[in-house]
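**Student:** A single structure is presented below for examination.
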Amino acid sequence: MDNLTKVTEFLLTGFSDIWELQILYAGLFLLIYLVTLLGNLLFMMVITLDQCLHTPMYFFLKNLSFLDLCYISVTVPKSIHSSLVHNNSISYLGCVAQVYFFFAFASAELTFLTVMSYDCYVAICQPLQYGAMMTSGKCHQMAAIAWLICFSYAAVHTGNMFWEAISRSNRIHQFFCDIPHVLALASCEIFFVEFVTLALSSCLVMGCFVFMIISYYQIFSTVFRIPSVESRAKAFSTCSPQLIVTVLFLTTGLFAALGPRDKTSSIQDLVIATAYMVLPPLNPIICLRNKKIKAPMWRLFGKIYPLQK
């Protein structure tokens, strides 16, 4: 170990070295990033300005929208810049920062989805107690606790990964500091690091996953017992934004977890990584199709661009 050179920067070799292809990737990522940025900002602005949307469900969706902006901003802007300037290097501290914030925002997204499943459960299964159980103060407390837990959780995770300097190699076969690829560069203590990382991840993920499964099982059981078709449809529409967001996030996360873990790059690996980095932040665009969002959104557009008679 004494003869090994400490890594001071990493080379991200996920995409092609061909200049034309890098420009193509940069253009595609820039388009996705701008759509995500505008969609999330519009979503948050509509919820903030419309008093009818000042409810617990949309409060958590607004938090999730802000979270999605942060989530995609951790990796995509750096990837766009690297492709445009034809420089795939990232500093050691830059890689540490990417890993930390990726852990923080990914775990926060899962935590908020879990809280939203509880909100939906109370709204459908205990409607008479909803006002008392989901007050504004309690919603803000749950959001603050979720953010605090996830940033602390990310600090533990990142500390476990970088507690010993990496000196084996500096080549990461991805377009960002993907956690499994960074772990593959660690020293012989990688088994201990991976065990701790897996144990911590399993506790959070499985706990949230089981809670969401139980919540949505209770929700669907209650909804299917409603005799009126119209009332049943209204109940489903109440939880449809949370359910769509949850399914998309868990699906991409599952594919990422089951994806290849080779030390060399593969098309499948890149596609999966791109999917779980880019698709979840597009959630608000899906939610913009909801009737409760579309109506105030068009009212907002009407105020900004009044029709000329």
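**Student:** Kindly write out, for the range 83-95 in residue order, the coupling ³J(HN,Hα) from the Karplus curve 6.51 cos²θ - 1.76 cosθ + 1.60 (θ = phi - 60°), rounded to whole Hz, with x marking Gly and Pro.
**Tutor:** After applying 6.51 cos²θ - 1.76 cosθ + 1.60, I find 5, 6, 8, 6, 9, 9, 8, 9, 5, 4, 5, x, 5 Hz.
**Student:** Still on this structure, please answer the following. Give me the base-10 log of I(q)/I(0) for the range 9-298 at each q in 0.10, 0.11 Å⁻¹, Debye formula, one uniform scatterer per Cα, rounded to two decimals.
**Tutor:** Reported log10 I(q)/I(0), two decimals: -0.59, -0.70.
**Student:** For the peptides 101-108, 72-79, what is the packing order when you average, over each peptide's residues, the other Cβ atoms within 10 Å and list the highest mean first?
**Tutor:** Packing order, densest peptide first, comes out as 101-108, 72-79.
FYI, it's all coordinate maths here, none of it is from the lab. None of the values given here were measured: they were computed from a predicted structure. Neighbour counts are summed over all protein chains in view; Cβ atoms, including those assigned to glycine, are modelled from backbone coordinates with ideal geometry.
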